[in-house]
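What follows is calculated from the coordinates using simple rules that are stated; it is not laboratory data. Small disclaimer: the values here were computed from a predicted structure and weren't measured. Ideal geometry is used to build each Cβ from the backbone, glycine not excepted, and the neighbour counts take in all protein chains shown.
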Amino acid sequence: MSRAAARRDALRVVAGERGLDAVLVTNLLNVRYLTGFTGSNGALLVSTSGADLFGTDGRYTTQAGTQVPDVGLLVDRATVSALAREAVRRGVGRLGYESHDLTVDGLAALEKVLADAGTAPELASVRRAVEAQRAVKDDDEIESLRRACAVADQALAELAAEGALRPGRTELQVGRELDARMLTLGAESVSFETIVATGASSAIPHHRPDATELRDGDFLKLDFGATVDGYHSDMTRTVVLGHAADWQREIYELVAAAQAAGRAALAVGADVVAVDAAARQVIADAGHGEHFSHGLGHGVGLEIHEAPVIGPLGAGRLAAGMAVTVEPGVYLPGHGGVRIEDTLIVTDDAPELLTLTSKELLVL
């Protein structure tokens, strides 16, 4: 059995437990997870009877035959509507759908198609059932994440070795070179818009790089990642250019201690709120609680931000195989900020660190 087939079977079990006859999967990343299809138009009808049906349009007939060989194929430009009509034809009584993916108009259109096709099934949201499955990665997914992290590690190492992170260059120049290097090293894309923030801008958690020049004595914060096989890496490193002042070393050491506490708290069964608190308390005890303004981390995979959320408002417990970030920060407005971030895999033993770039304070 393929991994995709096993994933569909897992969803089938959930559907049966919820009294559903079938689930209509419309989120493209969830479709990819359950089938392997990477095109831009696709949907999936997962039936509790086992007779699943994949829908796409004529542009992807050949691709679907290659990537989704073990599922029945329905070719129709109006993919979701065609699968909905097929559900009615099959006599589905209760149909699950992804309420977080369909818009209000999309749901209204689905209800109309079902009603026009005959005896409409009862619709029931499955909420984020597939995303819950995706939170725990299998061996192939973890290997893709390792490769994505290795690309990011190497890209930064090469730029630093070549002297590309130096005063006089701009944030935009550094960001574009980092992106280009990741692509050269095998990334299919960058994970997200690369953050390069120097000087006072390093105190802005999600600063967008601009024409600001790097200067001697400033922090330089780099938050970036590579995508390999559809899976994202995420890493942040903060360095100092030229020489480090005492206050910079103090803040950096504080964030490093908080990050170490967060990594140490990653364990099977750990409550995500407690993991966040382990790192946050280190920063609060040092008098900088107000300067740590975001959650400690998040899941990574087919999306750069996915379950679980590790923060004060998170919910649930960690499980073996979850890929997560640990990324505390201290941001001093008008002065500068530090964030240190790794991607890790939760295991039955110590977490596996995937982003291997040194976390020692580098003065370039």
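Let me know the shape class of the range 176-304, please: from the alpha-carbon gyration tensor, a ≥ b ≥ c as square roots of the eigenvalues, rounded when a/c is under 1.5, otherwise prolate if a/b is greater than b/c, or oblate. Verdict is oblate for the range 176-304. In terms of its C-alpha gyration tensor, the range 139-353 has an oblate overall shape, because the principal axis ratio a/c (a ≥ b ≥ c, square roots of the eigenvalues) is not below 1.5 and a/b does not outweigh b/c.
Taking every DSSP bridge with both residues inside the range 1-125, close to 40 percent are antiparallel. A DSSP coil position with no more than 15 other Cβ atoms inside 10 Å describes the following GluC sites (Glu not before Pro) in the range 107-199: E162, E188, E193. By the beta-carbon count within 10 Å of each Cβ, the least crowded to most crowded order of D76, D342, D21, fewest first, is D76, D21, D342.
When DSSP assigns beta bridges and you keep just the ones with both residues in the chain, what percent turn out antiparallel, to the nearest 5?
Taking every DSSP beta bridge with both residues in the chain, the antiparallel ones total about 75 percent.
Helix 79-89 axis versus longest C-alpha principal axis of the chain: approximately 40°, rounded to the nearest ten.
The C-alpha atoms of the chain define a longest principal axis, and helix 3-17 lies at about 70 degrees to it. For the range 118-212, the list of trypsin sites (Lys or Arg not before Pro) that fall in a loop by DSSP and count at most 14 other C-beta atoms within 10 angstrom reads R127.
Restricting to DSSP loop positions (anything but H, G, I, E, B) with no more than 10 other Cβ atoms inside 10 Å of their own Cβ, which GluC sites (Glu not before Pro) remain in the range 271-364?
E360
Of the Cα atoms belonging to the range 1-152, the radius of gyration and Dmax stand at 15.4, 53 Å. Please determine, in degrees from 0 to 90 and to the nearest 10, the orientation of helix 246-265 with respect to the longest principal axis defined by the Cα atoms of the chain, where the helix direction is its Cα long axis. Tilt of helix 246-265: around 30 degrees. Helical runs (DSSP H, four residues minimum) scored at -39500 (n - 2.57) apiece and divided by the length of the chain put the mean residue ellipticity at 222 nm at -11500 deg cm²/dmol. For K359, the aspartates and glutamates whose Cα comes closer than 14 Å to its Cα, not counting residues fewer than 8 places off in the same chain, are D153, D223, E253, E327, E341, D342.
Work out the length of the dipole vector of the chain about its Cα centre, built from +1 on the beta-carbon of each Lys and Arg and -1 on the beta-carbon of each Asp and Glu, and round it to the nearest 20 debye. With Lys and Arg at +1 and Asp and Glu at -1, about 740 debye. The structure shown yields Rg/Rh (Cα atoms, Kirkwood Rh), and of the options (i) 1.05; (ii) 0.93; (iii) 0.97 that calculated value carries the label (i). At q = 0.16, 0.23, 0.27, 0.28 Å⁻¹, work out log10 I(q)/I(0) for the range 56-127 with the Debye formula, treating every Cα as an identical point scatterer and leaving solvent out; two decimals please. Computed log10 I(q)/I(0) values: -0.63, -1.07, -1.19, -1.21.
Over its Cα atoms, what ratio of radius of gyration to 2.2 N^0.38 Å does the range 286-347 give?
1.24
With Cα atoms defining each centre, the range 225-260 and the range 161-196 are spaced 16 Å apart in the structure.
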